[in-house]
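The block underneath contains the structure these notes are about, expressed in structure tokens.
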Amino acid sequence: MLHLRYGTSTATKLSFADAVARAKDLLKEEGFGVLCEIDVSRAFKEKIDADFRPYVILGACNPKLAQAALERESQLGLLLPCNVVVQQEASGVIVSAVDAKALLGTVGRPELASIADDVNARLHRVLQRIAR
């Protein structure tokens, strides 16, 4: 796994389509629903007639954790949902998840740290399992 300042990425041996489907299944197992799915390559083609590699953003939300966070910080919706990206690169399919601690750290509310840790643990398990 590759750790970035704002997320974690992993390679998978799955095809792009299978990785998207598997990511959704694994997110569900971790208590997340996918609120939105943005097909970036299709949007670029439709909006600016540009070709782009297969790239999907899954907007994932764990309702219980989101509620707990929003009760502590009403404007936190600006940083939600937690994004998971599946993309085709020359080297293969890469799946990435946002680092909730880095994201929520911008708010400056220490009481959100435990929620961010929980989100990160769940997303990390998704990445570990999709990498197999």
Considering every residue within region 9-26, establish whether at least one is out of contact with any Asp or Glu (no Cβ under 7 Å at 6 or more places or on another chain), within 15 Å of Ala97 (Cα to Cα) and modelled with pLDDT under 95. no
Restricting attention to region 57-74, the residues that are surrounded by 15 or more Cβ atoms within 10 Å (Cβ to Cβ) and either among the aliphatic types (A, V, I, L, M) or in contact with an Asp or Glu (Cβ under 8 Å, 6 or more places away or on another chain) (or both) number exactly 9
Could you list all residues from region 117-132 that are under 13 Å from the mean Cα position of the chain (by Cα) and over 17 Å from Phe16 (Cβ atoms)? Val119, Asn120, Ala121, Arg122, Leu123, His124, Arg125
Hey, Val86 in contact (Cβ under 8 Å) with a residue 60 or more places away in the chain, touching a Cys at 6+ places or on another chain (Cβ under 6 Å) and either open to solvent by 50 Å² or more (accessible area, probe 1.4 Å) or within 18 Å of Arg129 (Cα to Cα) (or both) or not: no
Members of region 1-56 found to be within 19 Å of Leu79 (Cα to Cα), open to solvent by 90 Å² or more (accessible area, probe 1.4 Å) and either in contact (Cβ under 8 Å) with a residue 60 or more places away in the chain or part of a loop (DSSP other than H, G, I, E, B) (or both), listed by number: Arg5, Tyr6
Qualifying position, being of a type in the set (Gly, Ala, Ser), within 27 Å of Leu14 (Cα to Cα) and surrounded by fewer than 19 Cβ atoms within 10 Å (Cβ to Cβ), among Gly105, Gly92, Gly77: Gly92
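The values are calculated or read from the model by the stated rules, or taken from the named source; none is laboratory data. Source: prediction; values computed, not measured. With ideal geometry, Cβ positions are generated from the backbone for all residues, glycine too; neighbour counts draw on all protein chains shown. Remember, those area values only see protein heavy atoms, side chains included, never the ligands or the DNA or RNA. Shrake-Rupley method; radii C 1.70, N 1.55, O 1.52, S 1.80 Å.
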